[in-house]
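Structure first, commentary second.
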Ligand code: GLU
C-alpha cells in the first residue's frame, strides 16, 4: 500500500542580521555582523529540509545594537502577515543577541497570534570554529514547527534552551550560554530538534495582550502613533541629578531607573526623579542588579513620590512596556497595573 508523506509544516524565516550571519574577516580584528544572507545560513544546515518547508525574507541586515522602532514595526508587520497566512505554521526571526530580549518582548506584546514566533541568534560568527548558529537555527525551526509551542508567546532559542520573551536576558558578553531566564525559569529544552517543554508563561502575551489588537491585514500591529520617548538612567554611588534632568529636558515622557539594589537612588537623584514624576514624567524603578523583584514602597515611598515599580522587568524590558503603556495612559496607577499584568 502506498503511503503519502505527510506534508512538512511551512515556517517563514525573517532575517535581521546579527552574529548568526556574521563573518570573521581574514587578517582583521573581530568580525562583521550581518555579513551573510539568510539563504547562506540555511544552506549551511541541510538537515532543515527534514524539519520544515522554509520561506525566507530578509527584513534587515544589521547588528542588533542598531535595532530601532522602525525596524521593530516592520518586523511586527511581517511577522503578523506571515502568521495570518493559513499555510504558515510559525515564524523564526534571526537576530543579533545584543537586543534580542527587547525585540522579543516588543513582539510578545504587539503580535496577535497563537502560532509560534521564535527568535534565534548566535554568539560565534558563522565562520568561527564550532559556530553555534547552525544548531541554534535547526533547534529554532524545530520549536517553531512543533504544534505544542503554540500560545506560549514569543520564544528565544539558543544553546539548547527555549526561553520566554518576558523572562530572557543576555547575561554574558561573549559566551554561548549567555541567555538566562532567572525568575521563572526556562520555557523548555531542545536537543537536536527534540523538544522538552515546561509550564506555559504566566503573564499576558500576544493574542492576550491589549497592545496586540489585530490590525487590518498588511497593516502594522501595535500602537498607531510613534512610541513616546523613554530613557533609561543607570544609578550608581555618588550619582548626581544631571542625567535625570537632561532626560526631562529632552522631553522624555518616561524614565526607567536602573536603580541600585531594590531600585534605589541616592537622595540627590531621588529628588530629581520625584520632581520629574511631579512634572508628569512616568518614573519606573527597575534594578541594575540583574535579578529580583522591585516592589512598591519598600525603601522608596512610591505612593508619595508618584513612582511605578518595575516588578520583575529589567530596565530594557521595562522601557519597552512603558513606551507601549504610555500610548494608552499617563495615569500612574494604571501604568503600575501594566507592570503587574505583563
Ligand atoms: N552586536 C551584534 C548584534 O547584536 C552581534 C552580537 C550577536 O549577535 O551576538 O547583532
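Where a number appears in this text, it was derived from the coordinates with a stated rule and is not lab data. Since the model is a prediction, treat every value here as computed from it, not as a measurement. A quick note on method: Cβ atoms are made from the backbone with ideal geometry, for glycine too, and the neighbour counts reach across all protein chains shown.
Some points to look at:
- For 324, 109, 227, the sequence from fewest to most other C-beta atoms within 10 Å is 227, 324, 109.
- Taking each residue as 0.36 nm, the span from residue 330 to residue 275 lengthens on full extension beyond its C-alpha to C-alpha distance by 18.2 nm.
- Here is the tail figure for the chain: Cα pairs spaced more than 30 Å apart come to 37 percent of all pairs.
- The alpha-carbon positions of region 16-80 define a convex hull whose volume is 89 Å³ per residue.
- Top of 21, 70, 258 by mean-square fluctuation, Gaussian network on the chain, Cα under 10 Å: 70
- With viscosity 1.567 mPa s and temperature 4 °C, the Kirkwood radius over alpha carbon pairs of region 254-330 converts through Stokes-Einstein to a diffusion coefficient of 107 µm²/s.
- Between residue 267 and residue 197, the simple label model (points 7 Å from Cα in the Cβ direction) yields a spacing of 5.5 nm.
- The orientation-averaged shadow of the Cα convex hull for region 212-342, equal to a quarter of the hull surface, comes to 7.9 nm².
- For region 21-165, the alpha-carbon radius of gyration amounts to 1.00 times the rule-of-thumb value 2.2 N^0.38 Å expected for a compact globular protein.
- As a proxy for reagent exposure, 342, 234 were ordered by neighbouring Cβ count within 10 angstrom, fewest first; the result is 234, 342.
- Max-minus-min Cα coordinates of region 229-294 on each principal axis give 29, 22, 16 Å, with the largest extent listed first.
- For region 147-287, the fraction of alpha-carbon pairs lying more than 22 Å apart is 58 percent, rounded to a whole number.
- The Cα-based radius of gyration of region 83-220, divided by its Kirkwood radius, gives an Rg/Rh of 0.96.
- By the helix-only formula, in which each DSSP H run with n ≥ 4 contributes -39500 (n - 2.57) and the sum is divided by residues, the chain has a 222 nm mean residue ellipticity of -8000 deg cm²/dmol.
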